[in-house]
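Coordinate-derived values only; no laboratory data. The structure presented is a predicted model; accordingly, all values stated were derived computationally and were not measured. All Cβ positions, glycine included, derive from the backbone under ideal geometry; neighbour counts span all protein chains shown.
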Amino acid sequence: MKAIALALGLLLATPALGQSNMPPSYWAYRQLPDAKQEAKAQALMQELRCLVCQGQSIADSDAELAGDMRDLVRRRIAAGEKPEQIRAWLIERYGDWVSYRPSTAPIAWPLWAAPLVLLIFGGAIVAGRLKRKRS
Amino acid sequence: MIAEAGLSALWLAAALSLLGLFLSVLHVRGKLDADREVRSLAIVQGVLCLFAFAMLLVVFARTDLSVELVAENSHSAKPLVYKIAGAWGNHEGSMLLWVTVLGLSGAALAAFSRQLPSRTLIAALGAQAALALGFHAFLLFASNPFARLDPPAPQGRGLNPLLQDPGLAFHPPTLYLGYVGLSVAFSLAVGAMLAGDVDRKLARAMRPWVLGAWIFLTLGITAGSYWAYYELGWGGWWFWDPVENASLMPWLAATALLHSVAVLAARDALKAWTMMLAVIAFSMSMVGTFLVRSGILTSVHAFAVDPTRGAFILVLLGLYVTAAFLLFAVRAATLREGAPFDPVSREAGIVVNNLLLTVILGIVFIGTLYPLMAEAVSGEKISVGAPYFNAVAGPLAIVLGILLAVGPLLSWRQERRPILRKLALPALFAATALVIAFLALPQATILSRFGLALAAGLIPAAVLPLIGRNPLRTPLAIWGMAIAHLGAGVAVAGMAADSAFTVEKLTASRPGETVAVGPWLVRFEAVAPVAGPNWTAVEAELRASRGGGVHVLRPQSRFFTSPPTETNEAAIKTLLNGQLYTVLGQSDAEGRYQLRLWWKPLVTLIWFGGVLVGLGGLLAFAGHARRSWRRRRA
Amino acid sequence: MSRAFRLLPIILLVWVLLAFAWRLIQPPDPTVRSQLVNREVPHFVLQPAVAGVPGLTSADFATGEPRLLNLFGSWCIPCIGEASVLEELQRKGVKIDGIAIRDTESGVSGFLKRHGNPYARIGSDPNSNVQLALGSAGVPETFIVDSSGVIRRQYVGPIGASDVPGIIAELEKLR
């Protein structure tokens, strides 16, 4: 009985635990009515980093600011903006760090080149060994 | 008393490992015959570590608040199973588990190894003792789990509610048995390189250790993935998070090592690859331990950050890995290659397998560390996440999957038969699936469409080695291989299906409303308060149906009191062809509750596949064990 | 050739270990900083957060005088400590504008009543839109904006009494 009273009290006391005075933004937890737009928005949200979390995308976070960013993404996609434009807008304000997809800027060239280098290098070792085997 | 007993056991174990190291050096250099002594020391040291760990469990089970670790991480109101599991839900306790597995592995190596020449075994035990010494030092000087608190705390600080879960009881111990079990492969490789004895006997001695550790790693990672899936509340099962990558890297190395050691055992070939992989696998375990506990990478899964502890592990890691790499560099020339093989042969197939796995390992390693490297060099902060890993490792994994279908059919040394004919049917399935996927699923990612095609081909191809054989006379190891490869195909099917077919619905609904998600109609019946032992919650009753019967789901939004946290407990209904995943969120001012609903067709295949892979490994283990037991009796 | 192959792992290893050591000595800074420093304040128009105090637009910054832009919320605990420092700055003649992030009118008016009002204008940003447009990731944060509306400096976290002389000096320089 006491537990239920406690639970009811907690129910009435939401929002709890150090959050702001406003509820989540409109599009934070709502999908766009157009399925194609929602898919584009969802794909972009998976690649944007939550600014206040320990390494999560905004699609996987319950943080308020992540919800506000989802709201921003959905609103802009609904208004016709391209995902790349929204990503660029955010990178302009927070740097490359906010995008989980590394950019094509020079800083990321070694990253994209690495798999090729590894394959070529490894392939050369393997080819050398196989050739030696036959002879 | 109990805590002090545990601590004394650890000190004693450390002293014994120092002695064991000393004696093994003398033995290997021929100054002394210390075979029995080194073996006994290894066994006693293992038992002492186990005793210390048992003492830690006792102290947690009783919630002894005079022990600082218990006061920081436990609470008298916690259920007993989580009190005990909480012993390894923190840095010091999990480090003690790490050291215990290290000690027990050394003990088992000493107790059960019969076929290795004495010099090789003692050299390996010496390497194991050297590892133990370093990590004991870390434990005793920088992470003492038995430190006392004076005066004792009035109440514990509780445990992170996200860790109050069966996952905590299962995932870390399994994972550690895997990570740290690879230390034996490392020690055997080091010992064999020191003694100059890299041959089939070594491979046969190493194989059960690699197989055993690999089975635990596979099951541990699978369990971790499922735990994150149902705990975090958004339906994701892999995030390329640095800590997850830290567990994947040893697994990739161990998988390559597993295949390589089989070649060494069967054909006396691939000596250099096998030694290098054995060193890399445990090195990856140590790197993982460092990454997770040093605070240099941001992650939801990371332990409490402490750079001084990180520095200690870095020094250990640096010493051990550098020494092993140097040893390899010096001895690699003496690793005389064994029987030759053709470019089209099973050995060659496994070499390509090694290559692909190592390249994927390199990609995961580079991707995980790149933000750190970029910042060190240029000061710029960048993020590397799923878009990179999926784009780069995904295609390689598909190629590897194709190899998985072909490889087991190849003969040793030289393949002369037209095996491609056997693959005609699986190839047909794959091609058909690919065409259908591209025509019928335009909104799915390219990777997932290829994944579906791969699975359609790999699942029948995996059982090909069994066809045409008498099931009762087929060696268990072949059954194991087929089931493990089948498991890989099943897991790929699950991953691709989850990516291509999942349907999501987010709504703000009032009790009484119905929501459609995929083929399901979910009626939001009611909301009620609920209480548990150390939490209270708001629970929703959902009734889902798709034509036939009704399934009731009760997702909760839970509030824990100590420490104060809010979590979502997803309600998941598992059916034969998928899972209905439901989460209850917050309510707004007008009495509407956030509901997050997913219909995920075939998603359980991901973890079912993982379990099959582990099961296959287990069968192979049993097969090899039975064969070596029979050989010994004969 | 094969000697190079065998030494390569060690060279890579040493490089990785050095990078790890560097990261331990220089721990990662988790502060998220705006990239708009030395760029113009982005265009925005915000309604008044509380009756009696005008709302805030980006045009209010290119006034010929440097100003402080402070992001706060009545629900933000460190903002309470910062309030007295902002009062002190305002008393010394600094012009301060505020944006109330994710806040209600009653929340903001209660906050101002309890801790004083150093703001000339306060805009209401209920969905963090302008916060995101500014490259801010939390509250409290303060931007120093120069006389032509260009952001010159960002303070992440509450301003302390020790920051006051520095801020005043910087504002003098920007006049």
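Near the amide H of residue C:102, within less than 5 Å, lie the amide hydrogens of C:125, C:127, C:128, all on another chain or at least 5 residues away, with H placed in the peptide plane. Taking the helices alone, chain B has a mean residue ellipticity at 222 nm of -22000 deg cm²/dmol, built from -39,500 (n - 2.57) per DSSP H run of at least 4 residues and averaged over all its residues. Other residues lying with their Cβ under 12 Å from the Cβ of residue B:550 contribute a combined charge of +2, Lys and Arg counting +1, Asp and Glu -1. Exposure proxy ranking for B:600, C:95, based on other Cβ atoms within 10 angstrom of each Cβ and starting from the fewest, stands as C:95, B:600.
Distance distribution note for segment C:123-168: the fraction of Cα pairs above 17 angstrom is 40%. Each part reduced to its alpha carbon centroid, segment C:137-172 and segment B:1-64 end up 59 Å apart.
Cross-link partners for residue C:92 among the aspartates and glutamates, with Cα-Cα distance under 16 Å and sequence neighbours closer than 8 places in the same chain left out: C:65, C:82, C:163, C:170, C:172. Our note on the geometry: Cα centres of segment A:90-131 and segment A:41-79, 26 Å apart. Of the trypsin sites (Lys or Arg not before Pro) in segment B:69-121, the ones in a loop by DSSP (not H, G, I, E or B) with at most 16 other beta carbons within 10 Å are B:114. A simple count of charges around residue B:455, restricted to other residues whose Cβ falls under 14 Å of its Cβ and scoring Lys, Arg +1 and Asp, Glu -1, yields 0.
Could you tell me how far the Cα centroid of segment C:6-27 sits from the Cα centroid of segment B:451-478, in Å? Result: 43 Å between the Cα centres.
Straight-line cross-link reach from residue C:95 at under 25 Å between alpha-carbon atoms covers these lysines, not counting any fewer than eight positions away in the same chain: C:113, C:173. Annotation for residue B:436 and residue B:147: the two label points, set 7 Å from Cα along the Cα-Cβ direction, are 6.0 nm apart.
If you run the Gaussian network model on chain C, springs between alpha carbon atoms under 10 Å, then out of C:131, C:154, C:35 the most flexible one is C:35.
Charged neighbours of residue B:277, selected by a Cβ distance under 14 Å, balance to +2 (K, R count +1; D, E count -1).
Taking the C-alpha atoms only, the angle from helix C:2-25 to the longest principal axis of chain C is near 30 degrees. Taking all C-alpha pairs of chain B, those more than 42 Å from each other amount to 29 percent. For the protein assembly as shown, taking Cα atoms only, Rg and Dmax work out to 30.2, 98 Å respectively.
For segment B:236-336, trypsin sites (Lys or Arg not before Pro) are listed when DSSP marks them as loop and at most 16 other Cβ atoms sit within 10 Å of their Cβ; the list is B:336.
Report for segment C:45-173 the percent antiparallel among DSSP-assigned beta bridges with both residues inside it, nearest 5. Percent antiparallel among DSSP bridges in segment C:45-173 is about 55.
Note on segment B:1-164: Rg/Rh from C-alpha atoms, Kirkwood Rh, equals 1.08. Computed over the alpha carbons of segment B:394-537, Rg followed by Dmax gives 22.1, 70 Å.
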